[in-house]
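Colleague: I'd like to ask you about the structure that follows.
The values are calculated or read from the model by the stated rules, or taken from the named source; none is laboratory data. Just so we're clear, the structure is a prediction, and the values are computed from it rather than from any experiment. All Cβ positions, even for glycine, are placed from backbone atoms using ideal geometry, and neighbour counts span all protein chains on display.
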């Protein structure tokens, strides 16, 4: 049986920095970059370091000959799931209500998934980490705003 060599790009937009990584089907990080979070700038200026990091990891994937299945983005805040955009991001208000999925789909021509960071964290632990094997894991986060 052939092993699945496809990857996904994961983007975690954080308060201090954003992590952009290539992750395989087994949850293993194949390549990772960090981009500094820029505050107090218009939305596109805020996103530029993240977009450059995504460009770089996609170039790395092409160089390795692996297929990228899509991009998953997690944000610290709330989502408008119907419009597929952040609703409120307290730490980066210029990204609140910004059509992030539309921008990324147009730029990269890949499927985009958008999640709240805490939901993405619990899903990761459930599938690949401390929550494996549990039917109903409890996940608590404490965050300083």
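Colleague: With the structure loaded, tell me whether residue 45 is assigned to a helix (DSSP H, G or I), under 22 Å from residue 93 (Cα atoms) and more than 14 Å from the chain's Cα centre (by Cα) or whether it fails that test.
Modeller: In short, yes.
Colleague: Can you find a residue in the range 67-90 that is closer than 18 Å to residue 27 by Cα and more than 15 Å from the chain's Cα centre (by Cα)?
Modeller: Checked against the condition, which is being closer than 18 Å to residue 27 by Cα and more than 15 Å from the chain's Cα centre (by Cα), the range 67-90 yields at least one hit.
Colleague: Spot the failing condition for residue 75; the list is (1) surrounded by fewer than 15 Cβ atoms within 10 Å (Cβ to Cβ); (2) in contact with a strand residue (DSSP E or B) (Cβ under 6 Å, 6 or more places away or on another chain); (3) within 16 Å of residue 14 (Cβ to Cβ), and only one is missed.
Modeller: Unmet for residue 75, out of (1) surrounded by fewer than 15 Cβ atoms within 10 Å (Cβ to Cβ); (2) in contact with a strand residue (DSSP E or B) (Cβ under 6 Å, 6 or more places away or on another chain); (3) within 16 Å of residue 14 (Cβ to Cβ): (1).
Colleague: From the residues in the range 95-142 that are loosely packed, with under 13 Cβ neighbours inside 10 Å and in contact (Cβ under 8 Å) with a residue 24 or more places away in the chain, which one is farthest from residue 18 (Cα to Cα)?
Modeller: Taking the candidates together, the pick is 127.
Colleague: Moving to a separate point now. Out of the residues in the range 11-51 that are touching a strand residue (DSSP E or B) at 6+ places or on another chain (Cβ under 7 Å) and within 17 Å of residue 103 (Cβ to Cβ), state the one that is surrounded by the fewest Cβ atoms within 10 Å (Cβ to Cβ).
Modeller: Selected residue: 49.
Colleague: Any idea which residue in the range 1-35 is nearest to residue 89 (Cα to Cα), counting only those that are in contact with a helix residue (DSSP H, G or I) (Cβ under 6 Å, 6 or more places away or on another chain) and without any contact (Cβ under 8 Å) to a residue 60 or more places away in the chain?
Modeller: Only one residue fits best here, namely 18.
Colleague: If I filter the range 82-94 for residues that are at pLDDT below 90 and surrounded by fewer than 16 Cβ atoms within 10 Å (Cβ to Cβ), do I get at least one hit?
Modeller: Yes, some residue in the range 82-94 is at pLDDT below 90 and surrounded by fewer than 16 Cβ atoms within 10 Å (Cβ to Cβ).
Colleague: Failed condition for residue 85, given (1) farther than 21 Å from residue 129 by Cα; (2) touching a helix residue (DSSP H, G or I) at 6+ places or on another chain (Cβ under 8 Å); (3) in contact (Cβ under 8 Å) with a residue 40 or more places away in the chain, with all others met?
Modeller: (3)
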